[in-house]
Amino acid sequence: MSRRIAVIVPAHRAHATLGRTLESVAAQTIADELDVIIIDDACPEGDYHDVASPFFSRLNLQLLRLPENLGAGGARQAGIDASDDPYFTCIDSDDEFASPDILEKLRDILDADAAVQRAGGELMYCSNLGQRPTDNGGGISMDGKLYRRSFTEKYGIRFNGSRSNEDYGYNLATGLLCDNEDEKIYSLPEIAVKVHKNPMSITASNGDQFAWDQRICGYVDNSIWAFDLAMKWRPGSGAVNAEILRVLLIIYAYWCIIKARAPEYADQAWEYAKKYYHRCYRKYYIPAYESMEQKLTPGITGDIFELFERQGFFSVPEWDRPPMGFDEFLKRMRREEYDPDHIYDIWQEMSSSPEMRSRMAANEETGVCKKGYAARKTD
């Protein structure tokens, strides 16, 4: 049986960093058992042949250029679809595998236990301020994780077209479906990938605009997608419902922080919170969980804020209490209807400001949003 691994490398404006990524792939102890696909996500600066050429003699390497920019998730899916190896992993084009034997170790884990569908290690975040390891099995990133293809194909786990937090959605769906003795996840307590701070990346560009702007949008869209998929295969799952409730609390925390720190995005964040409430939480809500709602006190929301700060997602503001209590948040969510077209009114109002127009244009330029995403759709 084949034990080959497809290594998917999505690349967009990565000419300066891709060589480092490929060097870490070529250094793997099982480099001759890797099929590497660089997905050129319609990079406007030209293809990556010059960067890749020194590695053609060291790796089974393929360059695939997309006709249009699809974002990181679309590029990864294009690479997954273009390969057929039993295992696959993804690594961003500005990161590197932390050790030469990490892919061999992850593959050995999957080989040894047919129940393991994803094996992953920790991440080390590197910047000019130093290095900071994760403490949660690599978090939501695709980096540092090896997937069993038969599992993702069995459940139809695919990137869904979202351009922000798409890796979160993919891994949330994987985790929700690995809920039994025959399907599980393994976390290796070892650094698998070094993640390098790239000021041109989607999450860091334009003064970290992403944190206040599109992060919550992608979080909501991918949560809805992942829970819809999980409920298709695990209808009525108590564990899935508990996670649905937990995500609602996190979305509430997101909105509170945005309201306090970046109020220009508060209406957009509110609309996405309402989208999640009506299209996911309310859809799958089980009355038995009403008692759990009552346990979501300001103290628990404070724990969420502290978690965000510790993980470096936000600098949590100083306040005596959140802008709105969770009880009031829920009351307003229940009271307000959700209209999927209303977001275009909000975007139109946001674009009345020259500064916000510039920021929205930056979303399109970096690829975090599709071209014309804020324009009202017409038949």
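The values are calculated or read from the model by the stated rules, or taken from the named source; none is laboratory data. This structure is a prediction, so every number in the text was calculated from the model and none was measured. Using ideal geometry, Cβ is built from the backbone for each residue, glycine included, and neighbour counts are taken over all protein chains shown. We work out accessible area using only protein heavy atoms, side chains counted, and drop any ligands, DNA or RNA first. Shrake-Rupley method; radii C 1.70, N 1.55, O 1.52, S 1.80 Å.
Structural remarks
- One residue from GLN28, GLN77 being over 19 Å from LYS197 (Cα atoms), under 18 Å from the mean Cα position of the chain (by Cα) and either surrounded by 15 or more Cβ atoms within 10 Å (Cβ to Cβ) or among the β-branched types (Val, Ile, Thr) (or both): GLN77
- Evaluation of ASN69 against the conditions (1) in contact with a Gly (Cβ under 8 Å, 6 or more places away or on another chain); (2) crowded, with 21+ Cβ neighbours inside 10 Å; (3) not hydrophobic (A, V, I, L, M, F, W, C); (4) not in a strand (DSSP E or B) shows that the sole unmet condition is (2).
- Positions within the range 345-379 being among the hydrophobic types (A, V, I, L, M, F, W, C) and closer than 14 Å to GLN268 by Cβ, in sequence order: ILE346, TRP347, MET350, MET356, MET360, VAL368, CYS369, ALA374
- Scanning the range 144-185 for residues that are hydroxyl-bearing (Ser, Thr, Tyr), at pLDDT 95 or above and outside any helix (DSSP H, G or I) yields a single hit, TYR147.
- Cβ pairs under 7 Å, 6+ apart, first in the range 59-86 and hydrophobic (A, V, I, L, M, F, W, C), second at pLDDT below 95 and surrounded by fewer than 20 Cβ atoms within 10 Å (Cβ to Cβ): LEU63/ASP47; LEU66/ALA42
- Scanning the range 324-379 for residues that are over 25 Å from the mean Cα position of the chain (by Cα), among the charged types (D, E, K, R), assigned to a helix (DSSP H, G or I) and more than 25 Å from VAL247 (Cβ to Cβ) gives ASP345, GLU349, GLU355, ARG357.
- Output for the range 33-48, where each listed residue is open to solvent by 10 Å² or more (accessible area, probe 1.4 Å) and at pLDDT 95 or above: GLU33, ASP35
- Which numbered condition CYS126 fails, given (1) at pLDDT below 95; (2) of a type outside the set (Gly, Ala, Ser); (3) open to solvent by 40 Å² or more (accessible area, probe 1.4 Å); (4) in contact with a His (Cβ under 8 Å, 6 or more places away or on another chain): (3)
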